[in-house]
Amino acid sequence: MIMSICQRIFDRMGQDKARLRELAASINVAPSTVTSWKSRGSDPPAKYIVAIASFLGVSPMWLLTGEDASPSFAMPENKKTVPENTDSDTAHSELIELFDSLDRPGKTLMLAAGYKEQLRLEEARRETAPRICTLDKLTPVTGCSD
């Protein structure tokens, strides 16, 4: 049987509700958010995968696929897995430290997710960008055409 990301998370965590609250705190979301993933059987957003994997002590690859060459993935205990809202220099430094602590597959996953999000945002920007009409001095333009 192939397990979903959600199933792997909650199978790994067990039924301990305190652990659920710890996970929520470690990724800076409300406990109800994690409970919602569990009750709906929905996977968490991609931006939380590395942090959840770190919390569970597994690799992001295992969390995503159930398969992994490396047995564990854990961040140092004194590091937050998702930076809180801070000034941009501190946030930048924390993100660089987090990225540098990833193994090669983790870095690849993060870069791929970032690239995918960049493409999605660019597409959304194109869809919502106002259309520009130009006026020809000789022919009045009454509307825009694609």
Looking only at residues in region 45-59 that are part of a helix (DSSP H, G or I) and β-branched (Val, Ile, Thr), which one is farthest from ILE9 (Cα to Cα)?
-> VAL50
What pairs can you find where one residue is in region 1-22 and farther than 21 Å from THR65 by Cβ, the other is among the charged types (D, E, K, R) and assigned to a helix (DSSP H, G or I), and their Cβ atoms are less than 8 Å apart, with a gap of 6+ or different chains?
-> LEU20/LYS38
When region 12-34 is examined, which residues are found to be part of a helix (DSSP H, G or I) and farther than 14 Å from ILE52 by Cα?
-> LYS17, ALA18, SER32
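Table: residues versus (1) within 20 Å of CYS6 (Cα to Cα); (2) exposed (fewer than 15 other Cβ atoms within 10 Å of the Cβ); (3) modelled with pLDDT under 80.
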| site | (1), (2), (3) |
| --- | --- |
| SER26 | yes, no, no |
| SER32 | yes, yes, no |
| PRO71 | yes, yes, yes |
| LEU98 | no, no, yes |
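Part of a helix (DSSP H, G or I) and either over 19 Å from PHE10 (Cβ atoms) or modelled with pLDDT under 85 (or both): does that describe GLU77?
The answer is no for GLU77.
The values are calculated or read from the model by the stated rules, or taken from the named source; none is laboratory data. Please read these numbers as outputs of a predicted model, since none were measured by experiment. Methodologically, a virtual Cβ is constructed for each residue, glycine included, from the backbone with ideal geometry; neighbour enumeration extends over all protein chains shown.
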